[in-house]
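The values are calculated or read from the model by the stated rules, or taken from the named source; none is laboratory data. Quick caveat: nothing in here was measured; it's all calculated off a predicted structure. When we count neighbours, we look across all protein chains shown, and the Cβ atoms used for this are built from the backbone with ideal geometry, even at glycine.
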Amino acid sequence: MRDINDAMDLLLSKLEAWGRQAVLLLPNILVALLVLVLTFFLARIIRNWLEKFMGRFSHSAALNNLALTIIYVIMLAIGFFMALNVVGLDKLVVSLLAGVGIIGLALGFAFQDIAANFIAGIIIAVRKPFRVGDLIETNDYVGTIEHITLRTIDIRQVTGEMVWLPNKMVFENPVTNFSVLGSRRVDLEVGISYGEDLEQVQQVVIEALQEVKNRMGDREIQVMYDAFGDSSINFKARFWIHYEKQIDYVSAKSDAIIRIKKAFDENNILIPFPIRTLDFAIKGGDKLSEELKTALSASGKNGQQLGDSGQ
């Protein structure tokens, strides 16, 4: 019975001491709450002001949201630690900072691929090597950029499929941007007969390509011979076009092929078919010419026999 009374007295004394401590800390608690309220209020005001300010200098919504979120979280963390310091929980602040560091390190190892994509997304957003609407080629994919986020680049291929490429893959591999300059060169490979006048062919092709769709008039049309083929002399016709979308390139190339074919028909210029020579001679056997002579003589004899029998 005495032990129970002693325990109750100890408990009451502890509660009484805590009550006195709470009363002494009450002003500090009120100040800490006031600090938190002011921190939330000021953080929101500063964030709204920065949002309007950053929109004048950066047109990347993803990058702006990331920067604003980081600033907002930092301001809230500062206010929270200040409130704990007012209450007198300095050791708790140190423990929290150490815990945040350890947790951040563990998460960094666990989600290193996500972190790599995130950092690559930030670098891409800052450097801006391409924009939404550009036609690019990267990692064996060719398509138009639909969205750019801090994790992926969303590409719609020319055949219609959507591809979500992680930023790390795009950042670490070569990227060809077909839209950045607003122009593109079209190369056509053509073959003509060995009997044609090569200089005349050059002139005919240059004249035929003058009015090709979207052609840049200030860039020279080039017709250059580059190879003796098996059945033709091959050349490349090159010209530049104004380029915004893939259809500009495809339609210009198609129009050029049509115009060259019409010009060749009008000037009797031959585009030869592949020529194949077949040799039926087999080592130790008879040649095809000898086989034909034998067959013809046999057919003649058969015809004569039929004539004699008819008589």
(message) For segment 135-154, give me each residue that is closer than 16 Å to E244 by Cα and buried (at least 16 other Cβ atoms within 10 Å of the Cβ).
(response) L135, I136, V142, G143, T144, I145
(message) Which numbered condition in (1) of a type in the set (V, I, T); (2) over 10 Å from the mean Cα position of the chain (by Cα); (3) part of a strand (DSSP E or B) is the only one that V180 fails?
(response) (3)
(message) Considering only residues that are assigned to a loop (DSSP other than H, G, I, E, B) and on the phi < 0 side of the Ramachandran plot, which ones fall in segment 156-177?
(response) V158, T159, E161, N173, P174
(message) So, G182, is that one touching a strand residue (DSSP E or B) at 6+ places or on another chain (Cβ under 9 Å), surrounded by fewer than 14 Cβ atoms within 10 Å (Cβ to Cβ) and in contact (Cβ under 8 Å) with a residue 60 or more places away in the chain or not?
(response) yes
(request) Among the residues of segment 235-251, write down those that are part of a strand (DSSP E or B) and either of a type in the set (S, T, Y) or loosely packed, with under 15 Cβ neighbours inside 10 Å (or both). (result) K236, H242
(message) Yes or no: segment 179-190 includes at least one residue that is of a type in the set (S, T, N, Q) and farther than 30 Å from H147 by Cα.
(response) no
(message) Of everything in segment 183-219, what is in a helix (DSSP H, G or I), under 38 Å from the mean Cα position of the chain (by Cα) and among the hydrophobic types (A, V, I, L, M, F, W, C)? Give them in sequence order.
(response) V205, I206, A208
(message) For G195, only one of the following conditions fails: (1) within 30 Å of F264 (Cβ to Cβ); (2) of a type outside the set (S, T, N, Q); (3) surrounded by 16 or more Cβ atoms within 10 Å (Cβ to Cβ). What is its number?
(response) (3)
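Quick one: would you say F81 is modelled with pLDDT of 80 or more and part of a helix (DSSP H, G or I)? Talk me through it step by step, then tell me what you get.
Working: modelled with pLDDT of 80 or more: no; part of a helix (DSSP H, G or I): yes.
No: the conditions fail for F81.
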(request) For segment 167-175, state whether one or more residues are within 25 Å of R219 (Cα to Cα) and aliphatic (A, V, I, L, M). (result) no
